[in-house]
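**Q** Before anything else, here's the structure in question.
The values are calculated or read from the model by the stated rules, or taken from the named source; none is laboratory data. All figures in this text were calculated on a predicted structure; none of them were measured in a lab. Glycine gets a Cβ as well: all are built from the backbone with ideal geometry, and neighbour counts include every protein chain shown.
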Amino acid sequence: MIAPDEPSAPAPLERRLTLFPATALNMANMLGAGPFITIPLLMSALGGPQSLLGWLVALVITVPDALIWSELGAALPGSGGTYRWLREGFGRQTWGRLMAFLFLWQFLLSGPMEIASAYIGVAQYLDYLSPGMTLPGGALSLKGGAVVVVLGGVTVALLYRRISSIARLTVFLWVGVMLTVLVVLVSGALHFDARKAFDFPEDPWRFSLGFFLGLGAAARVGIYDFLGYYDVCYLGDEVKDPGRTIPRAVLASLLLVAAIYVGINLSINGVISWREFVPADQHPEVANFIASIFVERLHGKGAAQGFTLLVVWTAVGSIFALLLGYSRIPYAAARDGSFFGVFGRLHPRGRFPHVSLLVLGGLSIVAAFLPLSVVIDTLVTARILIQFIGQMVALVLLRRNAPHLARPYRVWWYPLPLFLAGGGWLMVFATTPMKTLTWAMAALGVGVIGYLAWARVAGHWPFQAPGKGDAAVEKPLGGE
């Protein structure tokens, strides 16, 4: 384990990811089974097509947020992404230690939950082919749980190899994802019924507290759908020409997927009336595998069964991309002396963080046994304060304290995007159900206590010996 007060050793990883596989990685992460499992949840949030406003709110938040990820990813490319930015921005030996620890703390909750949501999507759609995968209420049955365990093992096996092989495999999975999307978009365009797609309920724009709470719920679903536009940032040590590749991959993937999501939603809602599956928990026979029902009504049962396998393919692509990026976060922290040293081990031949990969793969399988709505609300809420808001503050601090740091990309119209994204994140946080909010804040409080206990034993800030780890004598970023 690297000593806590020593500079991190250069990560011996291979820079092989170019723009195309980096963008494909993000898109595979974002698409996955997301639009095929969340449309019923989204439409249930406000009870009709007006729920699409949630995606618009999500875009108003995520587009400026993507600019922030782009600047940080280009200026400080490295494994771990947010972990490194919080540590450097808030001070390597002071507040940055606490913020990085809290990020890791919430990540061990939210990261596996995000991956688990794709496993849940797989089980829901396989229920169309072989009933009995899920129980009433959406939880996995014993049969569905066994499928998730097997699928989890296969995904880890696919990732258990060198990054050069993974880049090719990523593009291969991306092709399957895009084929699935193309089937929906073309079929929807040929059979689109505007009366179904825009069948608004009576008085859909009645502004009230309930409307804004519903809008917050729709925005959380929209944000969940867009999560992953930054996945390449976690692989900064393995990206070729990161100063150019990372910003382009982040922005291109977000804008392309946003357009695809709108097309998928209109395609499905233009064939299946939202009144058939809203509220989602009362109509599982349609809501749980709505895309398969969509294809069945247009092309028959056989075509729908084949299409269901394509949906499973997209979910596997998402799991693959998520687990690849997320396995680098504990690895980076371990190499930095801020996490258990075993996570910093690289496979002796493949040169990838195999311990981190195996642990996160296992936690994700366990998290898949939670209900989907709980998973989505919890993972989005858990990230807002420390990750999304925290790295905005880190960006401001880095601009002030490290003016000579090379920045191949800078946030456009700074600081306006920070206000837009920050205000949006706080709105989503404020409209979170109280139960979820309470759990998230309690987990954060336990994380603070856990850090203080660990820092006390290890002699880290704020308990380090006088003169040790003084941030004032640290070498400035950029080698100045």
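**Q** In the range 288-343, what residues are aromatic (Phe, Trp, Tyr), at pLDDT below 80 and over 22 Å from the mean Cα position of the chain (by Cα)?
**A** Hit for the range 288-343 is 340, nothing else.
**Q** Assuming residue 271 fulfils every condition listed in (1) under 15 Å from residue 185 (Cβ atoms); (2) assigned to a helix (DSSP H, G or I) apart from one, which condition is it?
**A** (2)
**Q** Counting only residues that are modelled with pLDDT of 85 or more and among the polar types (S, T, N, Q), which one in the range 24-49 is nearest to residue 311 (Cα to Cα)?
**A** The extreme case among them is 38.
**Q** Being touching a Gly at 6+ places or on another chain (Cβ under 9 Å) and either in a helix (DSSP H, G or I) or closer than 30 Å to residue 453 by Cα (or both) is the requirement here; does residue 64 meet it?
**A** yes
**Q** Among the listed residues 49, 35, 77, identify the single one that is touching a residue at least 40 places away in the same chain (Cβ under 8 Å), over 16 Å from residue 389 (Cβ atoms) and either among the aliphatic types (A, V, I, L, M) or surrounded by 24 or more Cβ atoms within 10 Å (Cβ to Cβ) (or both).
**A** Values: 49 fails: either among the aliphatic types (A, V, I, L, M) or surrounded by 24 or more Cβ atoms within 10 Å (Cβ to Cβ) (or both); 77 fails: either among the aliphatic types (A, V, I, L, M) or surrounded by 24 or more Cβ atoms within 10 Å (Cβ to Cβ) (or both).
One residue alone meets the criteria, 35.
**Q** Moving on. Does residue 285 satisfy the condition of being surrounded by fewer than 17 Cβ atoms within 10 Å (Cβ to Cβ) and either in a loop (DSSP other than H, G, I, E, B) or free of Cβ contacts under 8 Å to residues at least 40 places away in the same chain (or both)?
**A** For residue 285, the condition - surrounded by fewer than 17 Cβ atoms within 10 Å (Cβ to Cβ) and either in a loop (DSSP other than H, G, I, E, B) or free of Cβ contacts under 8 Å to residues at least 40 places away in the same chain (or both) - is met.
**Q** Go through the range 52-70 residue by residue and tally those that are within 23 Å of residue 232 (Cβ to Cβ) and either more than 15 Å from the chain's Cα centre (by Cα) or free of Cβ contacts under 8 Å to residues at least 24 places away in the same chain (or both).
**A** Of the range 52-70, the ones within 23 Å of residue 232 (Cβ to Cβ) are 55, 58-70.
Restricting the remaining residues to those that are either more than 15 Å from the chain's Cα centre (by Cα) or free of Cβ contacts under 8 Å to residues at least 24 places away in the same chain (or both) gives 55, 60, 64, 67-68, 70.
Final tally of qualifying residues: 6.
**Q** Out of the range 168-195, which residues are among the aliphatic types (A, V, I, L, M), closer than 24 Å to residue 351 by Cα and surrounded by fewer than 20 Cβ atoms within 10 Å (Cβ to Cβ)?
**A** 169, 171
**Q** Does residue 161 count as outside any helix (DSSP H, G or I), out of contact with any helix residue (DSSP H, G or I) (no Cβ under 6 Å at 6 or more places or on another chain), in contact (Cβ under 8 Å) with a residue 40 or more places away in the chain and farther than 30 Å from residue 296 by Cα?
**A** Criteria met by residue 161.
**Q** Same structure, new question: I'd like to verify a number: residues in the range 179-198 that are without any contact (Cβ under 8 Å) to a residue 24 or more places away in the chain and within 31 Å of the chain's Cα centre (by Cα), how many?
**A** Number satisfying all stated conditions: 2.
**Q** Six or more apart or on different chains, Cβ atoms under 9 Å: show the pairs whose first residue is in the range 199-210 and under 26 Å from residue 271 (Cβ atoms) and of a type in the set (Phe, Trp, Tyr) and whose second is modelled with pLDDT of 75 or more and surrounded by 12 or more Cβ atoms within 10 Å (Cβ to Cβ).
**A** 200/48; 200/49; 200/50; 205/50; 205/211
**Q** Is it fair to say residue 91 is at positive phi, out of contact with any His (no Cβ under 6 Å at 6 or more places or on another chain) and at pLDDT 90 or above?
**A** Judged against the criteria, residue 91 is a match.
Table: residues versus (1) in contact with a Leu (Cβ under 8 Å, 6 or more places away or on another chain); (2) more than 24 Å from residue 395 (Cα to Cα).
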position: 419; (1), (2): no, no
position: 431; (1), (2): yes, yes
position: 435; (1), (2): no, yes
position: 444; (1), (2): yes, no
position: 449; (1), (2): no, yes
position: 453; (1), (2): no, yes
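**Q** Okay, next question. Can you name every residue in the range 291-303 that is part of a helix (DSSP H, G or I) and farther than 10 Å from residue 271 by Cβ?
**A** 291, 292, 296, 299, 301, 302, 303
**Q** Taking the condition of being aromatic (Phe, Trp, Tyr) and surrounded by fewer than 24 Cβ atoms within 10 Å (Cβ to Cβ), how many residues in the range 327-342 meet it?
**A** Summing the residues that are aromatic (Phe, Trp, Tyr) and surrounded by fewer than 24 Cβ atoms within 10 Å (Cβ to Cβ) in the range 327-342 gives 2.
**Q** Consider only pairs whose beta carbons are under 9 Å apart and that are at least six residues apart or on different chains; among these, list those whose first residue lies in the range 164-175 and is closer than 18 Å to residue 239 by Cα and of a type in the set (D, E, K, R) and whose second residue is assigned to a helix (DSSP H, G or I) and modelled with pLDDT of 70 or more.
**A** 168/21
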